[in-house]
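Notes follow once the structure below has been shown.
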Amino acid sequence: MLKKIIQSVKLFQNLSEEELEILISISSVSKYTKDTVLFYETDSTHKLLFLIEGLIEVFKIDKYNNKVFLYYIHPTSMISELSDLEENRIRCFSNTTLVEDSIILSIDFQQFKKIFLNGNELITHFIQELIYKTQQLQCIVNRELVFDATSKVSFMLLDDLLMCNKLKRHEVALLLHIQPETLSRVLKKLQRDNIISIDKGIIQIEKYNELKYYTQG
């Protein structure tokens with residue numbers, strides 16, 4: 001079972017049988033219930049974490065003690081926020097809470113570095129995963145500090161349309177830090193311009209490039 005779980009993570013799909021057995025020996029799987037806080041910002045851990053099943057919300061708390069939503073983590077994605085491969089501990093820079101009951105793969109980070117990060121193909125995939133998370137942070141900076149309301153809504157539609165349709169409109173507005181009335185106005189404008197369509201509350205993107213134009217900064 002642990003072998004199949006590890007192989008479900010894209011990062012590990014090209015490992016040899018020998019490498020899989022080694023990874024299994026330094027890994028474990030745990031189940032967590034909804035609303036569990038996985039870790040707080042400023043925490044540190046010796047474990048490299050991957051979400052296997054469920055959904056995780058990543059957020060920070062601002063200086064006014066307000067919750068600032070960052071992004072969702074979906075299954076088979078890395079949870080850990082790595083900043084320095086020279087360290088044996090992983091420092092946490094945001095808070096994570098489970099939106100759904102979840103299954104998490106945990107790997108001993110020190111052993112993982114010692115055994116696998118030695119110049120083989122895994123390094124390339126590992127770095128790509130890091131780059132992806134960096135790109136997410138860059139998008140967050142744009143969304144919170146640069147984007148206007150139309151850009152914020154367009155970005156979320158492009159980045160996570162499934163979640164946008166799953167949530168209620170006032171929840172989407174809260175995540176984007178805009179008023180529900182503003183969200184409604186932007187959606188109506190995009191619909192009027194035939195960039196999106198809305199049928200029974202479900203949004204579909206009709207003109208991807210036009211929608212992407214609003215996220216260019």
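Observations
- Site pair residue 61 and residue 136 shows an inter-label distance of 2.1 nm when each label is modelled 7 Å from Cα along Cα→Cβ.
- Mean Cβ count within 10 Å, highest first, over the residues of peptides 196-203, 159-166, 182-189: 182-189, 159-166, 196-203
- Proximal aspartates and glutamates to residue 188, defined as alpha-carbon separation beneath 13 angstrom and excluding residues fewer than eight positions away on the same chain: 199
- Residue 24/residue 202 FRET efficiency (R0 30 Å; Cβ-Cβ; nearest 0.05): 0.10
- Cα-based reach from residue 133 at 12 Å (exclusive), listing aspartates and glutamates while leaving out same-chain residues under 8 positions away: 81
- Estimated at the nearest 10 Å², the accessible area of residue 114 is 150 Å² with a 1.4 Å probe.
- Once you reduce region 15-64 and region 147-217 to the center of their Cα atoms, the two points are 30 Å from each other.
- Heavy atoms of the protein chains alone define the surface here; on that basis region 1-108 has 53 Å² accessible area per residue at 1.4 Å probe size.
- Segment residue 91-residue 160, extension gain: residue separation times 0.36 nm, minus the distance between their alpha carbons: 22.2 nm
- Every helix of 4 or more DSSP H residues in the chain counts as -39500 (n - 2.57), and over all residues that averages to -12000 deg cm²/dmol at 222 nm.
- Only protein atoms count toward the accessible area here, which uses a 1.4 Å probe; on the chain, the carbon and sulfur part of that area reaches 51 percent.
- 10 Å Cβ shell holding at most 16 others, DSSP loop, chymotrypsin sites (Phe, Trp or Tyr not before Pro): longest site-free stretch of the chain: 94-217
- Given (i) 57, 37, 31; (ii) 62, 37, 33; (iii) 63, 47, 37, the label whose value is Cα extents along the principal axes in Å derived from this model: (i)
- Couplings 3J(HN,Hα) of region 201-214, computed from phi: x, 8, 8, 10, 8, 9, 10, 4, 5, 5, 5, 4, 4, 6 Hz, in residue order, whole Hz [Karplus 6.51 cos²θ - 1.76 cosθ + 1.60, θ = phi - 60°; x for Gly and Pro].
- 23 Å Cα-Cα threshold exceeded, pairs from 67/113; 189/212; 152/189: 67/113
- Taking amide H atoms as placed 1.01 Å from N in the peptide plane, the amide H of residue 38 lies under 5 Å from those of 96, 97, 98, each 5 or more residues away in sequence or on another chain.
The values are calculated or read from the model by the stated rules, or taken from the named source; none is laboratory data. These figures come from a predicted structure and were not determined experimentally. Neighbour counts are summed over all protein chains in view; Cβ atoms, including those assigned to glycine, are modelled from backbone coordinates with ideal geometry. Accessible surface is based on the protein model in full, side chains and every heavy atom, while ligands, DNA and RNA are left aside. Shrake-Rupley method; radii C 1.70, N 1.55, O 1.52, S 1.80 Å.
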